[in-house]
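Encoded as structure tokens, the structure appears first; notes follow it.
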Amino acid sequence: METTTEPDRLRLDLPAEPDSVAIVRRELEAHADMLGVPASQLGDLKTILSEACGNAIRYAYPERAAGPMRITIEPDGEELEIHVCDRGSGLRPHRDLTSKGGGFGLLLISALSKSLSLFSEIGKGTHLEIRVLIQQPA
Amino acid sequence: MTRVMDRGFSIAVEASAPGSHRIAISGELDLAVADRLNAALEEIPDRANVLIDLRKCSFIDSTGLASIVKGRQRQEASGGNLAVFGATAQVRRLFEVVGLAEDGLAYESLEEASSALASARS
């Protein structure tokens, strides 16, 4: 695993495999202050990141060993910008997100975030961009 | 009691009374370990009532949630039932977001969950 922290930015490079998701949650928790994430919002962000990484783990590299997955988290004004990218096979939404019971994770992300954008190209990979409004202290 | 442990995650299954099983989950229930819960639930006899103790479960993702929902469906189909109790903050929030907070699956305490399952059976 490679963790890179720049001012106000966390970048994680991990294999797209199930054990990586717990590492992502640990790193988010460890850098929550730096990212401006209040403790009350950590649970939602752990859910969002787990579901986003889960999609890469389930669908990106179906026919070979786990390839790379990059997670970037950075504040942008009152929002947190999250990117989860892989270099896998790319999503074919009808086949991948309906045949394996998938797609629910994306619905969950949508419910917990301000916006979710999915960019995917067959043979080149998938990029999820998620924006979350950071809760301000009362 | 059967106990399976992995990376701080554990599942303890106990036959707590005739026709009743209790499953205690500790740690984070996600896609890396959800199969362990599936396996534990598949070992539960038909018609049994199952109580899942989530007091030490710090996180659940959609894969873990699906395991619980499938386990509940299986027990109900066999004449039993399944409920969870003691959900921590992230887990309660997940139940709320997916609409499971009010459908008789989740309870605050062991007593409430036991009572609900006993009422459903009688």
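The values are calculated or read from the model by the stated rules, or taken from the named source; none is laboratory data. Please read these numbers as outputs of a predicted model, since none were measured by experiment. Glycine gets a Cβ as well: all are built from the backbone with ideal geometry, and neighbour counts include every protein chain shown. Quick note on the areas: whole protein, heavy atoms, side chains included, nothing else; ligands and nucleic acids left out. Shrake-Rupley method; radii C 1.70, N 1.55, O 1.52, S 1.80 Å.
General observations
- Condition check for B:Arg55: closer than 30 Å to A:Leu45 by Cβ, in a helix (DSSP H, G or I) and either in contact (Cβ under 8 Å) with a residue 12 or more places away in the chain or open to solvent by less than 20 Å² (accessible area, probe 1.4 Å) (or both): no
- Residue pairs whose Cβ atoms lie under 8 Å apart, separated by 6 or more positions or on different chains, with the first residue in segment B:87-103 and within 11 Å of chain A (Cβ to nearest Cβ) and open to solvent by less than 50 Å² (accessible area, probe 1.4 Å) and the second hydroxyl-bearing (Ser, Thr, Tyr) and not in a helix (DSSP H, G or I), are B:Thr88/B:Ser58; B:Gln90/B:Ser58.
Residue-wise test of (1) aliphatic (A, V, I, L, M); (2) at pLDDT below 95; (3) over 21 Å from A:Arg58 (Cβ atoms).
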residue: B:Arg7; (1), (2), (3): no, yes, no
residue: B:Val13; (1), (2), (3): yes, no, yes
residue: B:Ser16; (1), (2), (3): no, yes, yes
residue: B:Ile23; (1), (2), (3): yes, no, yes
residue: B:Asp53; (1), (2), (3): no, no, yes
residue: B:Gly64; (1), (2), (3): no, no, no
residue: B:Tyr107; (1), (2), (3): no, no, yes
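- Segment A:23-45, residues that are among the basic types (Lys, Arg) and either more than 16 Å from the chain's Cα centre (by Cα) or open to solvent by 30 Å² or more (accessible area, probe 1.4 Å) (or both): A:Arg26
- When residues in segment A:69-78 are screened for being open to solvent by 10 Å² or more (accessible area, probe 1.4 Å) and either within 13 Å of chain B (Cβ to nearest Cβ) or in contact with an Asp or Glu (Cβ under 6 Å, 6 or more places away or on another chain) (or both), 3 of them pass.
- Close Cβ contacts (under 9 Å, 6 or more residues apart or on different chains) running from residues in segment A:23-49 that are at the interface with another protein chain (Cβ under 10 Å from one of its Cβ atoms) and in a helix (DSSP H, G or I) to residues that are among the acidic types (Asp, Glu) and surrounded by fewer than 17 Cβ atoms within 10 Å (Cβ to Cβ) comprise A:Leu42/A:Glu29; A:Lys46/A:Glu29.
- Subset tally (residues that are out of contact with any helix residue (DSSP H, G or I) (no Cβ under 7 Å at 6 or more places or on another chain) and within 30 Å of A:Pro7 (Cβ to Cβ)) for segment A:61-73: 4
- Residue match in segment A:99-116 (condition: open to solvent by 30 Å² or more (accessible area, probe 1.4 Å), modelled with pLDDT under 95 and charged (D, E, K, R)): yes
- Residue match in segment A:56-63 (condition: assigned to a loop (DSSP other than H, G, I, E, B), open to solvent by less than 20 Å² (accessible area, probe 1.4 Å) and over 27 Å from B:Phe9 (Cβ atoms)): no
- Residue that is least open to solvent (accessible area, probe 1.4 Å) [pool: residues in segment B:63-82 that are more than 14 Å from every other protein chain (Cβ to nearest Cβ) and under 27 Å from A:Cys53 (Cα atoms)]: B:Gly71
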